[in-house]
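Note sheet for the following structure.
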Amino acid sequence: MRQSIKLYLLLGAFIAIRLSASATEGMWLPHLLGSLNEKEMKGMGLKINASDIYNVNKGSLKDAIVSFGGFCTGEIISSKGLLLTNHHCGYDAIQKHSSLQHNYLDNGFWARTQREELPNPGLTATFIVRIEDVTKQALAGVDPGLGERERQSAIDKNLAAIKSGAGKEAWQDVLIKPFFESNQFFLFVTETYKDVRLEGAPPSSIGKFGADTDNWMWPRHTGDFSMFRVYAGKDNKPADYSPENVPLQPKHFLPISLDGVAENDFTMVFGFPGRTNEYLPSRAMQLIVEGQDPARVGMRDAALKVIDGYMRKDGQIKIQYAAKQASTANAWKKWIGEMQGVRATGGIDRKLAYEKRFSGLVQASPVFRGQYGGLLDSLNNLYNDLAPYAVARDYYTELVRNVEMLTMANNLVNLLQETRAAGEDQYPALREKFLASAQTSFKNFNLDVDRDVATALFDIYFKEVPSNKIGGEGYQIWMETNKDGKTTANKLYSQSALISYEALKAFVERPYATVLTEIWKDPATRFLIGLRNGYAELVSKPHDAIQSGINRLQRRYMQAQMDVLKDRRFYPDANSTLRLTYGKVDGYAPRDAVQYDFMTTLDGVMEKYKPGDYEFDVPEKLRQLHAAKDYGQYGQNGKMPVCFIASNHTTGGNSGSPALDAYGNLIGLNFDRTWEGTMSDINYDASICRNIMVDIRYVLFVVDKFAGATHLIEEMKLVHPKKAKVVPMRKKAA
């Protein structure tokens, strides 16, 4: 009896630990919070209702959240359309407005009036109007026995009918996305504003402080924010850019808390997470962290070493390559952390234990055994078959992505293919579109940098990818250049028309038939075509055939998990749709004898300060404010908070997402994850998975005390929720 009681208590303790560990996991659809999450959220400290977060009948938190450009998240923080997002999300826009004469990357930018705000063609802010479950309509008449292509064709017809019948206004759009591996479908009605102007940004020495060294790391001291303003037509509806447009009047904007955070405070992050794969089988996880990640990391590591060397020596190259280097380094370091995190938490072993439990339940039920018996083994076997093609595919993708001459050659080949499909008479129009894009690319291109990147990556690619997955023509050219990256690169870059915009323009402005012939004589395009053809036949074709089978079984496995594991609450993988995640402010212990606190301060910035260093330099004014402890109303106990961490489950796309308190007030700005927790895209573990946020008080401090942009502070609604007090707006000076 005592043994039974002891076993029961141990089992209960185990369950409690697992519930505690998984309590903050998940990226939840906001319109389902009331039925799935509200009770748990209130138990963790939420003070508002699910209907205050998502509501279609009145303004709610969702109405302040935007998809920023389709690649980040932003939030509205004033009644005049003021938008807050990350510095790295606004980086491309800041860079495009920068020059050596007006270097907004180094010096920052602040519009003192609306006339000084800078327009950004192509940049958008998209709001979600409502979300609907359309699964039943989407799968109507879709027979389970259909092949993948036939199934998708039937679904596409259904989705087209759903879209055409969806109730919406003329200025709104409809988007339907698959969830749970296309077992469910949800419809989103959206409003996209196309006039988004740069309002302000701190210098990179604040907004990108720590740069690559600190990226994905904790402790962090980065003021990663920038500000834009959303404009609308005079009717407050979306409109193309016009000087006559007016600031958006939002349905809701976020009040800003000055109370800061304390350990164990409830937090929410609301945004548009990009992509996760939480329900993969064990062999897929193993392929990622032992095959694909090492391939991608190796290629980018070599490219970054070259780019970084040039950026440190040349100011013009530093501006040209700033955004590209940041984008390349961001994923590179994330993949490194992903590999380490899965190993540190025993992610593959945990996945195997999960699969053992699933398989045991399947075998114990005649019904499940008939439906899903052998499914998991078949899926893992397909991933074994996929592995060599998946790794070769990543090597090829990284080669063409990181060698800009090959990227341009690839785009040129695409131009000719598009012309062949559309008709030769369409060549002039397609060519002009191609040249416009090429001209933009060449503004941020340096021949020496790209040649040295190519040299390094050619050596890696031909060493790591078997010749039977490269192809005859591509490998033949490699043989002709003595199997040497430098020799190959020198030949391409000395003889190709793709070395400058002017040479490329002259090359493609000849008749279509001439270009179609001459492309085989240009060494860069000939090399790219050889690699591309070999890749298409020897890698992409077999990869896609296996992947098609995986997609079918992965969908069945997803449904099987939901059917069999009734005690588990499932959330859909991220797919760039609006989600809410919640957790608590908390430090963590990533390894033996290391314990991290949950907050950093401006003192830490000064500790990292290295005069003249592009990663750790600190502006003189910020040093003066620190020396005087002139923090205004934003400091706390003589310190200036900078960043904090919590256990919210985030990923790429959540950059710029608001961190909210229990009342729905803005307390921070999400911008990163801890390095040890980057594996949360495939292996969330609450013990080390933490998201990193700029404390909103640091944002306000920089805007107010550092930049002197007090007019922006006056737009905002500052509150003290812990003291139930609203801070009066400061009156403008007469």
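Hey, among the residues in region 445-480 that are of a type in the set (K, R) and in contact (Cβ under 8 Å) with a residue 24 or more places away in the chain, which one's nearest to Q95 (Cα to Cα)?
Only one residue fits best here, namely R451.
Report, by residue number, each residue of region 653-668 that is over 13 Å from H720 (Cα atoms) and of a type in the set (A, V, I, L, M, F, W, C).
A659, L660
Table: residues versus (1) aromatic (F, W, Y); (2) more than 22 Å from I77 (Cβ to Cβ).
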position	(1), (2)
N215	no, yes
W218	yes, yes
D224	no, no
K237	no, no
A262	no, yes
F266	yes, no
V269	no, no
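Looking only at region 367-376, decide whether some residue is of a type in the set (G, A, S), more than 14 Å from Q286 (Cβ to Cβ) and surrounded by 19 or more Cβ atoms within 10 Å (Cβ to Cβ).
no
G291 passes all but one of (1) in the same structural domain as A387 (by TED's automatic domain parsing); (2) in contact with a Gly (Cβ under 8 Å, 6 or more places away or on another chain); which number fails?
Single failed check for G291: (2).
Of all residues in region 566-622, count the ones that are among the polar types (S, T, N, Q) and more than 19 Å from T674 (Cα to Cα).
3
Considering only residues that are without any contact (Cβ under 8 Å) to a residue 40 or more places away in the chain and surrounded by fewer than 16 Cβ atoms within 10 Å (Cβ to Cβ), which ones fall in region 481-507?
Passing the criteria: N482, K483, D484, T487, N490, S494, Q495, E502, A503, A506.
So in region 627-648, with the set limited to residues that are polar (S, T, N, Q) and touching a residue at least 40 places away in the same chain (Cβ under 8 Å), which one is surrounded by the fewest Cβ atoms within 10 Å (Cβ to Cβ)?
Q633
Kindly indicate the residue of region 583-600 that is part of a strand (DSSP E or B) and of a type in the set (A, V, I, L, M) and also surrounded by the fewest Cβ atoms within 10 Å (Cβ to Cβ) among those meeting that condition.
Here the residue is V594.
Please list, ordered by residue number, the helices (runs of 4 or more DSSP H) wholly in region 243-337 having 3 or more residues that are surrounded by fewer than 19 Cβ atoms within 10 Å (Cβ to Cβ) and of a type in the set (K, R).
293-313
So which helices (runs of 4 or more DSSP H) are wholly in region 64-144 and hold at least 1 residues that are under 24 Å from T650 (Cα atoms) and touching a residue at least 60 places away in the same chain (Cβ under 8 Å)?
It comes to 91-96.
Among the numbered criteria (1) in contact with a strand residue (DSSP E or B) (Cβ under 8 Å, 6 or more places away or on another chain); (2) over 19 Å from L258 (Cα atoms); (3) surrounded by fewer than 18 Cβ atoms within 10 Å (Cβ to Cβ), which single criterion is violated by I688?
(3)
Here's a check for you: in region 417-453, which residue that is among the small types (G, A, S) and closer than 20 Å to I529 by Cα is surrounded by the most Cβ atoms within 10 Å (Cβ to Cβ)?
Restricting to residues being among the small types (G, A, S) and closer than 20 Å to I529 by Cα, the top hit is A438.
Within region 340-382, work out how many residues are modelled with pLDDT under 95 and in a loop (DSSP other than H, G, I, E, B).
The qualifying residues number 2.
Within region 524-542, count every residue that is buried (at least 19 other Cβ atoms within 10 Å of the Cβ) and farther than 17 Å from N414 by Cα.
Number of matching residues: 2.
I'd like the residue in region 604-626 that is among the hydrophobic types (A, V, I, L, M, F, W, C) and part of a loop (DSSP other than H, G, I, E, B) and, out of all such residues, is surrounded by the fewest Cβ atoms within 10 Å (Cβ to Cβ).
The residue in question is F616.
Scan region 433-444 and tell me whether some residue there is touching a residue at least 40 places away in the same chain (Cβ under 8 Å) and of a type in the set (G, A, S).
Taking every residue of region 433-444 in turn, at least one turns out to be touching a residue at least 40 places away in the same chain (Cβ under 8 Å) and of a type in the set (G, A, S).
Of the conditions (1) in the same structural domain as Y396 (by TED's automatic domain parsing); (2) among the small types (G, A, S); (3) at pLDDT 95 or above, G315 fails just one. Which one is it?
Every condition holds for G315 apart from (3).
The values are calculated or read from the model by the stated rules, or taken from the named source; none is laboratory data. Keep in mind it's a predicted model, so treat the numbers as computed, not measured. Cβ coordinates were reconstructed from backbone atoms using ideal geometry, including for glycine residues, and neighbour counts include every protein chain displayed.
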